[in-house]
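In what follows, a single structure is set out as structure tokens and then discussed.
The values are calculated or read from the model by the stated rules, or taken from the named source; none is laboratory data. The structure displayed is predicted, hence computed values, not measured ones. Neighbour counts are summed over all protein chains in view; Cβ atoms, including those assigned to glycine, are modelled from backbone coordinates with ideal geometry. Quick note on the areas: whole protein, heavy atoms, side chains included, nothing else; ligands and nucleic acids left out. Shrake-Rupley method; radii C 1.70, N 1.55, O 1.52, S 1.80 Å.
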Amino acid sequence: MKIVHASINHSPTDDRILFREALSLNKRYENISIIGVGHKEEIQFHDEIKLITILKNNLFNMIANIKTVIKNESPDILHIHDPFLLPIANKFQKSGVKIIYDVHENHYLTFKLFSKRKSFLKNIFASILRLLEKYYSKKVDSIITVTPKLNKYFLQFNPNTYEIRNYPNANTFEKNEDEKLTEEINNFKQNDLLIIYVGQISIKRNLHLAILTTKRLRELNFKIKFLAIGSGEKSDIYFYKFFENNYADFFKLLPAIPHQNIQQVLKQSDIGWAVLPYEDNFLFSFPNKIFEYMSARIPFISSNLYYVKKIADDTNSGIIVEELIADDIAEKIANYILDNKLQQLGENGKKYFESEYNWNSQEVILFEIYSNLF
């Protein structure tokens, strides 16, 4: 049995694709490859999983290159992670390959939010993308979604639709820590509290609000700092480098780190930042970060997103803010610090991570999907 995962939006080491799905599948299947994009072409291995990186360039070149690699890999199961790959997946399906379409997010809304094209072009392309996704979703063998709302939407087109959430896989937590990384964070944090964000560095994700919130807390005489770790578009990185230069005493920006080291960083932190804007594609999302924060025994702070609010209410492991104003968020955090409630929130989160919000529960669904293909 040959399994190939393919994406033109993600690297072969994407946490969902490699560190959740592929590592789980590797327990039952021996021949697994992941095709993704990066800044140089290369072939590597993680355990026994083959990681094939094609050069990240224009969309049509990437699709053509991935098609060639898929053909060379000769899969029995092709597990795709982007709507742009649906047409070529359909061609492989006609030759007997089983197709799984893995929907990481609402691509229509995400494209409209993050595309840098003019509004009218953005709306046209987003609409074409949605029609393409709807047409081919009826043809694939199975669909995997990440939220109840997405699951309900795709069930309209394909009865073999399942929901697999991005809960952390505790088996991937690195036991051998990166000592240099630990030292760098400790030198920055010193004896202060630390707000942490690990993920995409983007203006659209409100990180400037975290900086202003930290600034306000320091004005209220709280010893606290903010650390952001991740990669992003050059314009977004330059934007936050400007903040780092001006607020170096309490804000630090570090490049992306290996997935295995995220837990190490989180354990050095005190609050996890997940305050996303009230945009359509975020309102009904499950940000991966909140579960990572819970797994590391630190509380999360989030905007009032539908699913996140429910988790916060059910588990008492996070702080929900209504208004996305630095002064208001700072005041709410300050109250929790003064009442010594941060540690208890973190303990609650860890308990629910171990009992419910972990990858083991999702792995079972993944195995079921693969078993039903033949």
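Among Phe125, Phe92, Phe114, which is the only one that is in contact (Cβ under 8 Å) with a residue 40 or more places away in the chain and touching a Lys or Arg at 6+ places or on another chain (Cβ under 9 Å)?
Unique residue meeting the criteria: Phe114.
Would you mind listing the strands (runs of 3 or more DSSP E) fully within the stretch 11-55 where at least 2 residues are at pLDDT 95 or above and among the basic types (Lys, Arg)?
none
What residue, of Leu338, Leu305, Leu342, Leu324, is aliphatic (A, V, I, L, M), open to solvent by 10 Å² or more (accessible area, probe 1.4 Å) and over 21 Å from Leu193 (Cα atoms)?
Only one candidate qualifies: Leu324.
From (1) more than 25 Å from Asn171 (Cα to Cα); (2) surrounded by fewer than 18 Cβ atoms within 10 Å (Cβ to Cβ), pick out the condition that doesn't hold for Glu347.
Looking at each condition in turn, Glu347 falls short on (1).
Those residues that are open to solvent by less than 40 Å² (accessible area, probe 1.4 Å), under 18 Å from Gly272 (Cα atoms) and not small (Gly, Ala, Ser), I need them from the stretch 223-236; list them, please.
Residues satisfying the conditions are Ile224, Lys225, Phe226, Leu227, Ile229.
Is one or more of the residues making up the stretch 191-213 over 30 Å from Gln362 (Cα atoms), touching a residue at least 40 places away in the same chain (Cβ under 8 Å), open to solvent by 70 Å² or more (accessible area, probe 1.4 Å) and of a type outside the set (A, V, I, L, M)?
No; the residues of the stretch 191-213 include none that is over 30 Å from Gln362 (Cα atoms), touching a residue at least 40 places away in the same chain (Cβ under 8 Å), open to solvent by 70 Å² or more (accessible area, probe 1.4 Å) and of a type outside the set (A, V, I, L, M).
So, in the stretch 103-160, of the ones that are surrounded by fewer than 14 Cβ atoms within 10 Å (Cβ to Cβ) and among the hydroxyl-bearing types (Ser, Thr, Tyr), which residue ends up nearest to Asn90 (Cα to Cα)?
Looking at residues that are surrounded by fewer than 14 Cβ atoms within 10 Å (Cβ to Cβ) and among the hydroxyl-bearing types (Ser, Thr, Tyr), I get Tyr135.
Restricting to the stretch 353-372, count the residues that are assigned to a helix (DSSP H, G or I) and open to solvent by 60 Å² or more (accessible area, probe 1.4 Å).
Qualifying residue count, the stretch 353-372: 6.
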